[in-house]
1. With the requirement that a residue be within 12 Å of the ligand (Cβ to nearest atom) and β-branched (Val, Ile, Thr), what does the range 319-330 give you?
2. Given 350, 367, 333, which one is acidic (Asp, Glu) and within 16 Å of the ligand (Cβ to nearest atom)?
3. Among the candidates 142, 194, 165, 157, single out the residue that is in contact (Cβ under 8 Å) with a residue 60 or more places away in the chain and of a type in the set (A, V, I, L, M).
4. Go through the range 27-66 and count every residue that is over 15 Å from residue 203 (Cα atoms), out of contact with any Phe, Trp or Tyr (no Cβ under 9 Å at 6 or more places or on another chain) and of a type in the set (Lys, Arg).
5. Give 67, 33, 41 a once-over and let me know the one that is within 22 Å of residue 324 (Cα to Cα) and either at pLDDT below 95 or out of contact with any helix residue (DSSP H, G or I) (no Cβ under 7 Å at 6 or more places or on another chain) (or both).
6. Consider residue 211 carefully, then state whether it is of a type in the set (Asp, Glu), modelled with pLDDT of 95 or more and touching a Ser or Thr at 6+ places or on another chain (Cβ under 9 Å).
7. Test residue 320 against the criterion of being of a type in the set (D, E, K, R), part of a helix (DSSP H, G or I) and touching a residue at least 40 places away in the same chain (Cβ under 8 Å), and give yes or no.
8. Hey, could you check the range 231-253 for residues that are within 10 Å of the ligand (Cβ to nearest atom) and aliphatic (A, V, I, L, M) and say which is farthest from residue 77 (Cα to Cα)?
Amino acid sequence: MIDFSLTEEQIALQEMSREFAEKEMKPNASKYDKGDEFSEDVMKKAFEVGFLTCTIPKEYGGGGLSDVDTVIISEELAAGCAGMYTTMMVNALAYTPIIRFGTDEQKKKYLTPHTEKMSFAAFCLTEREAGSDAGSLKTKAIKQGDEYIINGSKCFISNGGIADIYSVFALTDPGKGARGMSAFIVSRETPGIIIGKEEDKMGHRASNTVELFFEDVRVPAENLLAKEGMGFIIAMRTLDHTRAPVGAAGVGVARAAMEYAIEYAKTRIQFGKPVALYQNTSFKIAQMATEIDAARQLVWRAAWMMDQGKPCGKESAMAKMYGSDIAMKVTTEALQIFGGYGYMKDYPMEKLMRDAKLLQIYEGTNEIQRLVISREVIGPIKK
Ligand code: COS
């Protein structure tokens, strides 16, 4: 029997995050978007409520949210402001390798302090020449005594300029390619970490995205996650986990756009009646509502599978791909309902459309999601 009902706790979590999005995020979204600034005051409140550490297990001081809980809040927070959502959920992305592959000592040392004072974390996988082809990265971590010395650079690192800790992927055995990759926890204060230029992005402008350079960064050997050579698997398993919340963010952005469009269509009078009474508008809204619901169901299924410990790479990829694709489609259609006003910065539509675009690109482009899905659906092919 399939049950789509949320528990009382989940309904309370949904209401609490919706209220936070309405009161703290939406009223500040345009200011931080225009200023291209990190939303520190909103993040202080997000930390107090627990959003910055919500996926850290309770025994280490975090919120201990399940995957279903995480997608519920992701939809609400992204509906408030996708840029601020990114700042919050990139913490969860960077903590995931530690939560899932770290030792008890590593978790106590690196996760618990983040639950005690506002802190950020960043996930450092992508490089200039290793984006979709994550297995071809060049950053090296060469062991010397009881340390690894990291050299290389990373790009498009969300939270990179504000993080206290980084989950860093580097080659410990460069001859072995992806199988020679390992994952490390690196403290921001370690000498040799240089923060490069902050990217001037089209959307998600309230989030911080930078280039990072590692020059002879000496990391204690005890900061290795799991074993040498496990880095690529850790990265892939982490992304399997964090892609459904990106799909949920797509649902949130799409829902916000549809809600604005409905409100506008009911009050905008043209040719003597509200534009919502024209079938061209009402059918667009029917299509949006259906696609948003379909995306949410893919997202919830993937999250439920994660909570059950079932393999869910394909389902997470479907949730991420479809949720972000419909975000792009719905924001484009919703902006069209606003006509010329939708194109103006005085209205929220153009920001939602710009924000939707990044969801199709980050945490694996939607082309990579299609690759992951098709490989599993089609299976091996004899050449
Ligand atoms: N879980 C566990 N293991 C996995 C895995 C997963 N989800 N995906 C791949 N692996 C394993 C494979 O089983 C294989 O193991 P063996 O070497 O033992 O055979 C190994 O990892 C290499 O896998 P594969 O051959 O599939 O690697 P490819 O280089 O062909 O491609 C993709 C893998 C394209 C899926 C990967 O590079 C990818 O996800 N790229 C996008 C990266 C990304 O999302 N970046 C976003 C930036 S981080 S915000």
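1. Selection gives nothing.
2. Residue meeting the stated conditions: 367.
3. Among 142, 194, 165, 157, only 165 is in contact (Cβ under 8 Å) with a residue 60 or more places away in the chain and of a type in the set (A, V, I, L, M).
4. Residues flagged as over 15 Å from residue 203 (Cα atoms), out of contact with any Phe, Trp or Tyr (no Cβ under 9 Å at 6 or more places or on another chain) and of a type in the set (Lys, Arg) within the range 27-66 amount to 2.
5. Answer to the check: 33.
6. The answer is yes for residue 211.
7. yes
8. Ranking the qualifying residues of the range 231-253, first place goes to 233.
The values are calculated or read from the model by the stated rules, or taken from the named source; none is laboratory data. What you see is a predicted model; the values in this text were computed from it and never measured. Neighbour counts run over all protein chains shown; Cβ positions are idealised from the backbone, glycine included.
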